[in-house]
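Okay, so here's the structure we're looking at.
The values are calculated or read from the model by the stated rules, or taken from the named source; none is laboratory data. For clarity, every value in this text was computed on a predicted model and none was experimentally measured. All Cβ positions, glycine included, derive from the backbone under ideal geometry; neighbour counts span all protein chains shown. For the accessible areas, the whole protein counts, side chains as well, though only heavy atoms, and no ligand, DNA or RNA atoms are used. Shrake-Rupley method; radii C 1.70, N 1.55, O 1.52, S 1.80 Å.
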Amino acid sequence: MRMRAAERGHTRWGIVLAILALPVAVLGVLITGLFLWAWPDGDEARGDARAGAPAAVPCAEALAFGAAERPAHGRARDCTVQWGIDTSYAAVLRMPRADVRDWLRETYPNGPEPRTGGGACGALCLDVTHENGLPGTAGAHVVQVRVEYENAETALVRFSAFTM
C-alpha cells in the first residue's frame, strides 16, 4: 500500500512540473525576444542618425523641414539630422547681416517679430510654432533661429527645426 501512495505522489509531481514548465518556457522566450528586439543592430552601432547621432544631410532638406529656403545671398553648411524620439534638423548659414530680418519675414510672414537680447539669444532670436506662424508645409513643430553678428557685414545664423 505504501508503494502505491509513493507512486501516486510521484505521478502528481510530474504533472505539476509539466504544467509549470510551459509558462516558464514561454516567459523565457518572451524575455529573450525583448532583449533581441531592444539590442541595437549594425546601423545603430555605427552611429547612424536613427540611433541618435547626427548625420549630414543636404542643406535644402534641413531648411525645408522648417519651411525655409536658403537665403539668396547666404551660404549654408553643417546641415544635419538626428532621429530619436523626435526628429531634429540643424543648419548653419552665413549671410549678409542686412538681409537677416527680411529673410525671416519672407520665410515666416505670420510668425512673431525676431527679438533681440544677449546671452543664449545672441543678436536676434526667433521661435516659431504652428500656433504662432509656422507654415503648414513644415514637417517641424518648432523652428528656432539664433543670429550672431560676426562683423559689420556678416551674420552667422543657426537654424534648427524639430518635432516634439
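Which of the residues that make up region 126-159 are open to solvent by less than 60 Å² (accessible area, probe 1.4 Å) and among the small types (Gly, Ala, Ser)?
Result: Gly133, Ala138, Gly139, Ala140, Ala155.
Results for (1) modelled with pLDDT of 80 or more; (2) among the basic types (Lys, Arg); (3) over 30 Å from Trp103 (Cβ atoms), shown as yes or no for each residue.
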site	(1), (2), (3)
Met3	no, no, yes
Arg12	no, yes, yes
Leu20	yes, no, yes
Pro40	no, no, yes
Arg46	no, yes, yes
Asp78	yes, no, no
Gly84	yes, no, no
Ser88	yes, no, no
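Restricting the search to region 68-92, which residues are assigned to a strand (DSSP E or B), open to solvent by 60 Å² or more (accessible area, probe 1.4 Å) and closer than 24 Å to Glu106 by Cβ?
Arg75, Arg77, Asp78
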